[in-house]
Amino acid sequence: MRFRDRRDAGRQLARGLHLPPSSPVVILGLPRGGVPVAYEVALALNAPLDLFVVRKLGVPGHEELAMGAISEGGFRALNLDLIEELRIPAAVVERVTAAEARELARRERLYRGSLPAPALKARTVVLVDDGLATGSTMAAAVAGVRAQAPARVIVAVPVASPEACTMLGATADECVSLLTPPHFGGVGEWYDDFSQTSDEEVRALLEAARRRIGADPPRLP
């Protein structure tokens, strides 16, 4: 199995999701690449779409390597084994965290404008991304969502490394991945088109979902 692009991956992912009817559902995409996937899932399930902003904490000089992640709500997940292995000083971790926290706040304002974050209490929350490599960013998202006392937290992605899926299956109520290849490589290898999602596309998809579904998730006061 391969995916033409993120929208195709979202349509396929929606067919693999079987959600319990016991609580209302809200779909949260992780910007930016998770939002096109989440858009198609939300349409298929006729569920409100919003986002959950998460930022990777990259190792200085090797930013593609995640030493952790932060999410809205002030939650942080650290890869302590990697930090110890690379002997990254605590001051460096804090400096990167502060810089990414500023970018996280900027993106919240950019994508939501004046709208508050969605209220997630007693809801089934489906966290969607375009794929999981280490799973650190999604782990921070799960921690942030858990703080709002949802009924269930489900992680849903088109493709994930087996290690990430195992880790998140222990922290979320369920981790759904259509593909968990033993020789993972990287998320982009499983897409024909893995071009970057723009900020404009994120905003346009959120607005299109509100129009087509005719519902917006309840908001925090």
Against the definition (touching an Asp or Glu at 6+ places or on another chain (Cβ under 8 Å), charged (D, E, K, R) and either modelled with pLDDT of 95 or more or assigned to a strand (DSSP E or B) (or both)), how does ASP130 come out, yes or no?
no
Across the range 203-217, which residue is farthest from GLY34 (Cα to Cα) among those that are out of contact with any strand residue (DSSP E or B) (no Cβ under 6 Å at 6 or more places or on another chain) and of a type outside the set (A, V, I, L, M, F, W, C)?
GLY214
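Conditions (1) within 19 Å of PHE3 (Cα to Cα); (2) modelled with pLDDT of 95 or more, marked per residue:
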residue	(1), (2)
ALA99	no, yes
THR124	no, yes
GLY169	no, no
ALA172	no, yes
SER177	yes, yes
PHE184	yes, no
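One line per residue, one yes/no per condition, for (1) free of Cβ contacts under 8 Å to residues at least 40 places away in the same chain; (2) buried (at least 18 other Cβ atoms within 10 Å of the Cβ); (3) not aromatic (Phe, Trp, Tyr):
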| position | (1), (2), (3) |
| --- | --- |
| ALA172 | no, yes, yes |
| THR180 | yes, no, yes |
| HIS183 | yes, no, yes |
| ASP192 | no, no, yes |
| GLU200 | yes, no, yes |
Being out of contact with any strand residue (DSSP E or B) (no Cβ under 8 Å at 6 or more places or on another chain), outside any strand (DSSP E or B) and not aliphatic (A, V, I, L, M) is the filter here; which residues of the range 73-90 pass it?
GLY73, GLY74, ASP81, GLU84, GLU85, ARG87, PRO89
Just a yes or no: is a residue in the range 111-119 surrounded by fewer than 18 Cβ atoms within 10 Å (Cβ to Cβ) and of a type in the set (Ser, Thr, Tyr)?
yes
Which listed residue, of ALA215, ALA156, ALA149, ALA208, is in contact (Cβ under 8 Å) with a residue 12 or more places away in the chain and surrounded by 16 or more Cβ atoms within 10 Å (Cβ to Cβ):
ALA156
Number of the condition not met by ALA141 [criteria: (1) touching a residue at least 12 places away in the same chain (Cβ under 8 Å); (2) surrounded by fewer than 13 Cβ atoms within 10 Å (Cβ to Cβ); (3) among the aliphatic types (A, V, I, L, M)]:
(2)
For VAL93: the one exception among (1) part of a helix (DSSP H, G or I); (2) farther than 21 Å from ALA139 by Cβ
(2)
Residue tally, condition in a helix (DSSP H, G or I), free of Cβ contacts under 8 Å to residues at least 40 places away in the same chain and more than 20 Å from ALA215 (Cα to Cα), over the range 12-51
1
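The values are calculated or read from the model by the stated rules, or taken from the named source; none is laboratory data. Only a predicted model underlies this, so the values are computations on that prediction, with no experimental measurement involved. Here the Cβ is made from the backbone with ideal geometry for all residues, glycine too, and neighbour counts use every protein chain on show.
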